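Each remark here refers to the structure printed beneath this line.
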Amino acid sequence: MWLIYSLIYSFLMALVNFTDENLATNNKLPENSNIHTKVGSVLLISALMSFVGATVIWVITQDISIAVESRNIAILTGIPMVMMYASYFYLLQSFPVHQVAPLFQISSIWLLVIELLFGGSISAFGLIGITVLLYGAYILDAGTLKWKIPTKLLMFAIPATSTWAAALYMVRVASEKASPVAITFWQLLSVGFIGILIFLLVKQYREGFLYRIRHQGKRFLGLSFANEGFAETGFVFSNLAVATAPVAAYVTAMSGVQSIFVLILFFLFPQGERSNISKMQWIAVTLIAIGVFLIER
């Protein structure tokens, strides 16, 4: 079942990536706005919408009971998750989502390293997969098969992807004594409260968020609500997959097909010049997908 859960999660997150491209770039903020104002507008709506997801889970299940240790771990996952959101939205200000999203598959390598440190093992296929994935990530970033100094996208993406790996591993640990759905409830609740703290403490984020509410109200909220619905449903399936997979790294590995889904969506429904996909990007994403498949093997 974990394979089905992973595929559902991958497709839902591809829809999220597709919508994020629009939300992150079509922001219509004041001319004096800087990158922090732009990022804050989408980061805060993503974090605060987590309360909606937590409420839906509570209404449907009516049971969010969980062991204290697992609850605390689930709450702590909110920190790397918000860090991942922030890294992702900052990268989207400079690069199209079909370049940014595939690079988050590097989290497969981070997660595998964590599991190796705690007694896991890796096959020859896994080592080959890591090599292919990293080469695909390099091609996506550099735009060439030849070696040259990596550009800033890859250098930023490598540490940024560690946040998602950390969150997934924490879910893996918490799920040993708790339901993945209950973990998701506490996870989303934590992200929502972190969103409130950011709203209160970070002025530029707050200004960008309030400006878009006032000037793009219905469209901004409508797209964000739909997007977070896909994302939070995806988190449920991701946690189910992590809880049932033989190794947690398998889940991030299988999510490599998310990159293919993203490219198909942009091919069918282009969103301006940034959504144009080059031959080299198709090659890179294909290599990334092959790499994560080999890691799963």
Q: Scan (1) modelled with pLDDT under 85; (2) surrounded by 15 or more Cβ atoms within 10 Å (Cβ to Cβ); (3) of a type in the set (S, T, N, Q) for the single condition residue 61 breaks and write down its number.
A: (2)
**Q.** Hits in the range 214-235 (condition: over 15 Å from the mean Cα position of the chain (by Cα) and under 12 Å from residue 53 (Cβ atoms))
**A.** 225
Q: Give me the pairs, please: first residue somewhere in the range 198-209 and crowded, with 19+ Cβ neighbours inside 10 Å, second residue anywhere and part of a helix (DSSP H, G or I) and of a type in the set (A, V, I, L, M), beta-carbon distance under 6 Å, and either six or more positions apart or on two chains.
A: 205/44; 205/198; 209/44
Q. Going through the range 170-197 one residue at a time, which ones are surrounded by fewer than 24 Cβ atoms within 10 Å (Cβ to Cβ), under 19 Å from the mean Cα position of the chain (by Cα) and hydroxyl-bearing (Ser, Thr, Tyr)?
A. 190
Q) Does at least one position in the range 132-153 carry a residue that is more than 21 Å from residue 91 (Cα to Cα) and either modelled with pLDDT of 75 or more or in a helix (DSSP H, G or I) (or both)? A) yes
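Which of the residues that make up the range 202-221 are of a type outside the set (A, V, I, L, M, F, W, C) and either over 8 Å from residue 37 (Cα atoms) or modelled with pLDDT under 85 (or both)?
Initially, the range 202-221 is screened for residues of a type outside the set (A, V, I, L, M, F, W, C), giving 203-208, 211-212, 214-219.
Across the range 202-221, the qualifying residues are 203, 211, 212, 214, 215, 216, 217, 218, 219.
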Q.
Can you tell me which condition residue 6 does not meet? The list is (1) surrounded by 21 or more Cβ atoms within 10 Å (Cβ to Cβ); (2) modelled with pLDDT of 85 or more; (3) not aromatic (Phe, Trp, Tyr), and all the others hold.
A. (2)
Q: Only one of these is β-branched (Val, Ile, Thr) and touching a Leu at 6+ places or on another chain (Cβ under 6 Å): 68, 42. Name it.
A: 42
**Q.** Cross-chain or 6+ apart pairs with Cβ under 7 Å, the range 278-297 first and buried (at least 17 other Cβ atoms within 10 Å of the Cβ) and part of a helix (DSSP H, G or I), then of a type in the set (S, T, N, Q) and modelled with pLDDT of 80 or more
**A.** none
Q: Scan the range 83-112 and report the pairs whose first residue is free of Cβ contacts under 8 Å to residues at least 24 places away in the same chain and closer than 25 Å to residue 283 by Cβ and whose second residue is of a type in the set (S, T, N, Q) and assigned to a helix (DSSP H, G or I), with Cβ atoms within less than 9 Å and a gap of 6+ or a chain change.
A: none
Q. If you check every pair at least six apart or on different chains, which have Cβ atoms under 6 Å apart with a residue in the range 153-168 that is closer than 20 Å to residue 9 by Cα and buried (at least 24 other Cβ atoms within 10 Å of the Cβ) first and a residue that is of a type in the set (Val, Ile, Thr) and modelled with pLDDT under 80 second?
A. 161/106; 168/242
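The values are calculated or read from the model by the stated rules, or taken from the named source; none is laboratory data. All of these numbers come straight from a predicted model, not from anything done at the bench. Counting neighbours? That spans all protein chains shown, and the Cβs are built from the backbone with ideal geometry, glycine included.
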